[in-house]
Amino acid sequence: MARDQVDLTPIERRDELVDWLAQGAKPKSRFRIGTEHEKFAFTLDDHRPVPYQGRRGIRALLEGLQHLLGWQPITEGDDVIGLFDVTGGGAISLEPGGQFELSGAQLETVHQTSSELMAHLAQVREIARPLQIGFLGIGMTPDWTRADMPTMPKGRYKIMTAYMPKVGKLGLDMMYRTCTVQTNLDFASEADMVKKLRVSIALQPVATALFANSPFTDGRPNGFLSFRAEIWRDTDWERTGMLPWAFEDGMGFERWVDYALDVPMYFVKHGDAYVDVAGQSFRDLLAGKLRSMPGVRATISDWANHLSTIFPEVRLKRYLEMRGADSGPLQNLLALPAFWVGILYDDVSLDAAWDLVKPWSAAERQQLRDDVPKLGLAAAVRGRAVREIAAEALKLSYAGLSRRKHLDISGEDESRYLEVLEERLARGTTPAQELLEKFRGPWNGSVDPIYAEQAY
């Protein structure tokens with residue numbers, strides 16, 4: 001979750017919300033790639049979660065990075081809760097359980113994303129090693145219980161923590177025990193947004209299977225390849241899911257606004273304070289009739305922050321967020337944006353991808369989403385295994401990246417970041433299945449070796 005928006009421009013009409021989304025459209029020459037990834041911080045000596053306070057805590061890590069990078073601190077009260085690069089646009093933020101997130105800058109190529117991620121991991125290691133802190137990229141903490149997880153001093157998380165058990169069984173696990181990698185991509189027009197949204201929602205379970213990397217809970221196999229994806233199925237049905245209405249006639253910015261207006265709010269940020277309005281309606285805030293804050297009218301900040309608390313498989317802001325993948329090692333963090341850029345930023349590949357998924361019904365898309373967390377590449381839609389569909393999607397991505405012709409200093413285009421996915425499909429195994437093989441083999445039924453073998 002990135003920084004809260006600060007724009008106190010008042011808004012009073014639904015049309016203003018629609019216009020705000022529409023202003024995200026930009027010419028293709030200005031399309032950018034934003035990559036976000038989360039990772040678990042752990043103590044090197046005993047592989048435990050890292051608390052916020054203390055000489056070897058998350059706060060000390062943030063303060064060290066602030067001195068190293070010169071980034072501006074993001075504070076809440078007296079607490080440092082993140083850092084912001086005022087020149088490049090990137091940010092470091094904290095998820096509820098201390099998951100350490102890089103929200104990358106808007107970059108032109110996946111090569112630049114690679115440089116950004118490698119620099120970030122090197123910088124984090126430089127500060128973390130003296131603090132005896134390591135980092136693990138995986139979709140769900142392999143052995144820490146919910147009770148083990150620390151809490152970060154962020155007002156919005158306190159409100160969400162109280163609300164989550166009212167609307168699902170696994171929302172607290174989502175908040176405190178999962179990590180993702182996502183990429184944020186642009187659209188040129190409303191029609192372009194709709195096509196990209198539909199293609200990426202339909203193919204999101206395919207990405208979930210390709211990047212499935214959360215097979216352990218509380219130190220044991222949990223019966224899933226992506227338990228993180230399963231967690232989202234029982235988090236809060238009003239703000240998650242496959243958005244079947246997005247495939248209906250009339251889909252556009254207005255339809256998304258109507259959907260978002262019907263999603264209950266968590267909070268309103270009033271000055272520096274978070275006001276708990278969980279379950280109440282943004283429509284009432286828009287009309288100045290919110291029962292908790294009578295007479296207070298909505299601002300652009302309120303709208304942007306509300307959109308950030310909606311969690312479907314693909315999320316529309318002023319760009320599109322691909323949200324289906326588990327976190328993983330560096331090669332996964334680069335393959336994810338490459339996969340989606342190759343499909344969505346090339347018109348030929350985008351059209352072909354739409355032809356691939358267009359016949360699927362809402363029920364078939366939902367069944368695929370339901371099956372993938374447990375079955376991974378073996379799940380199927382219309383008699384075709386996900387492994388086969390993923391191979392077809394990967395070919396489209398390869399072709400799209402090749403046509404982009406963005407070369408690195410070695411003369412290679414961005415398709416080189418897809419090689420790990422090609423190898424994965426050739427083996428027919430997800431990262432989760434490879435971890436399970438180690439658990440049943442050389443790890444002798446323990447997940448503890450993961451902190452050495454899979455750490456950044």
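The values are calculated or read from the model by the stated rules, or taken from the named source; none is laboratory data. Please read these numbers as outputs of a predicted model, since none were measured by experiment. Glycine gets a Cβ as well: all are built from the backbone with ideal geometry, and neighbour counts include every protein chain shown.
Which members of segment 371-409 meet the condition of being within 21 Å of Phe224 (Cα to Cα) and not in a helix (DSSP H, G or I)?
First, the residues of segment 371-409 that are within 21 Å of Phe224 (Cα to Cα): 371-381, 384-390.
Selection gives Ala379, Ala380, Val381, Arg384, Ala385.
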For this session: Return the pairs, sorted by first residue and then second, in which the second residue is loosely packed, with under 14 Cβ neighbours inside 10 Å and among the charged types (D, E, K, R), the first residue lies in segment 118-140 and is assigned to a helix (DSSP H, G or I), the beta carbons are less than 9 Å apart, and the residues are 6+ apart or on different chains.
Result: Leu131/Arg55
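Could you tell me which residue of segment 280-317 is surrounded by the most Cβ atoms within 10 Å (Cβ to Cβ), considering only residues that are of a type in the set (D, E, K, R) and under 17 Å from Ile11 (Cα atoms)?
Narrowing segment 280-317 to residues of a type in the set (D, E, K, R): 283-284, 289, 291, 297, 302, 313, 315, 317.
Checking the rest, the ones that are also under 17 Å from Ile11 (Cα atoms) come to 283-284, 289, 297, 302, 317.
Details: Arg283: 15, Asp284: 18, Lys289: 14, Arg297: 15, Asp302: 24, Lys317: 17.
Per the stated criteria, the residue is Asp302.
Is it fair to say Gly288 is at positive phi and modelled with pLDDT under 95? Don't jump to the end; show me each part of the working.
Numbers: at positive phi: yes; modelled with pLDDT under 95: yes.
Considered against the rule, which asks whether it is at positive phi and modelled with pLDDT under 95, Gly288 comes out as yes.
Is at least one residue of segment 30-51 among the acidic types (Asp, Glu), part of a loop (DSSP other than H, G, I, E, B) and touching a Phe, Trp or Tyr at 6+ places or on another chain (Cβ under 6 Å)? Quick ask: steps written out before the conclusion?
Residues of segment 30-51 that are among the acidic types (Asp, Glu), as a first pass: 36, 38, 45-46.
Add one more test, that the residue is part of a loop (DSSP other than H, G, I, E, B), and what stays is 45-46.
Applying the additional criterion that residues be touching a Phe, Trp or Tyr at 6+ places or on another chain (Cβ under 6 Å) yields none.
No, the conditions are met nowhere in segment 30-51.
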Seminar exercise, completed: Among residues of segment 63-111 being among the polar types (S, T, N, Q) and not in a strand (DSSP E or B), the residue surrounded by the most Cβ atoms within 10 Å (Cβ to Cβ) is Gln99
Problem set entry | Residue ID - surrounded by the most Cβ atoms within 10 Å (Cβ to Cβ), chosen from residues in segment 126-177 that are small (Gly, Ala, Ser) and under 25 Å from Tyr451 (Cβ atoms) | Gly139
For this session: Would you check which residues across segment 280-302 are assigned to a loop (DSSP other than H, G, I, E, B) and not basic (Lys, Arg) and list them?
Result: Gln280, Ser281, Ala287, Gly288, Leu290, Ser292, Met293, Pro294, Gly295, Val296, Ala298
Problem set entry | Residues located in segment 381-403, provided they are surrounded by fewer than 20 Cβ atoms within 10 Å (Cβ to Cβ) and either under 28 Å from Leu117 (Cα atoms) or touching a residue at least 12 places away in the same chain (Cβ under 8 Å) (or both) | Arg382, Ala391, Glu392, Lys395, Ala399, Ser402, Arg403
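Scan segment 350-361 and tell me whether some residue there is touching a strand residue (DSSP E or B) at 6+ places or on another chain (Cβ under 7 Å), assigned to a helix (DSSP H, G or I) and over 30 Å from Leu136 (Cβ atoms).
First, the residues of segment 350-361 that are touching a strand residue (DSSP E or B) at 6+ places or on another chain (Cβ under 7 Å): 360.
Add one more test, that the residue is assigned to a helix (DSSP H, G or I), and what stays is none.
Among the residues of segment 350-361, not one is touching a strand residue (DSSP E or B) at 6+ places or on another chain (Cβ under 7 Å), assigned to a helix (DSSP H, G or I) and over 30 Å from Leu136 (Cβ atoms), which makes the answer no.
Determine whether Pro49 is loosely packed, with under 15 Cβ neighbours inside 10 Å and touching a residue at least 40 places away in the same chain (Cβ under 8 Å).
Details: loosely packed, with under 15 Cβ neighbours inside 10 Å: no; touching a residue at least 40 places away in the same chain (Cβ under 8 Å): yes.
No; evaluated as a whole, the condition is false for this residue.
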For this session: Identify all residues within segment 410-445 that are loosely packed, with under 13 Cβ neighbours inside 10 Å, without any contact (Cβ under 8 Å) to a residue 40 or more places away in the chain and part of a loop (DSSP other than H, G, I, E, B); write none if there are none.
Result: Ser410, Gly411, Glu412, Gly441, Pro442, Asn444, Gly445
Problem set entry | Output for segment 383-428, where each listed residue is acidic (Asp, Glu) and in contact with a Leu (Cβ under 7 Å, 6 or more places away or on another chain) | Glu392, Asp413, Glu414, Glu422
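Go through segment 284-304 and give me each residue that's in contact with a Gly (Cβ under 6 Å, 6 or more places away or on another chain) and not charged (D, E, K, R). Show your work before the answer.
In the first step, residues of segment 284-304 are kept if they are in contact with a Gly (Cβ under 6 Å, 6 or more places away or on another chain); the result is 288, 295, 297.
Of everything in segment 284-304, those that are in contact with a Gly (Cβ under 6 Å, 6 or more places away or on another chain) and not charged (D, E, K, R) turn out to be Gly288, Gly295.
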For this session: Inspect segment 148-157 for any residue being modelled with pLDDT of 95 or more, closer than 30 Å to Gly445 by Cβ, of a type in the set (Phe, Trp, Tyr) and out of contact with any Gly (no Cβ under 6 Å at 6 or more places or on another chain) and give the result as yes or no.
Result: no
Exercise. Is it the case that segment 176-186 has a residue that's in contact with a Ser or Thr (Cβ under 8 Å, 6 or more places away or on another chain) and either aliphatic (A, V, I, L, M) or in a loop (DSSP other than H, G, I, E, B) (or both)?
Worked result: yes
For this session: Please work out which one of (1) surrounded by fewer than 18 Cβ atoms within 10 Å (Cβ to Cβ); (2) modelled with pLDDT of 95 or more is the condition Lys39 fails and give its number.
Result: (1)
Exercise. What number of residues in segment 252-279 are in a loop (DSSP other than H, G, I, E, B), surrounded by fewer than 19 Cβ atoms within 10 Å (Cβ to Cβ) and not acidic (Asp, Glu)?
Worked result: 5
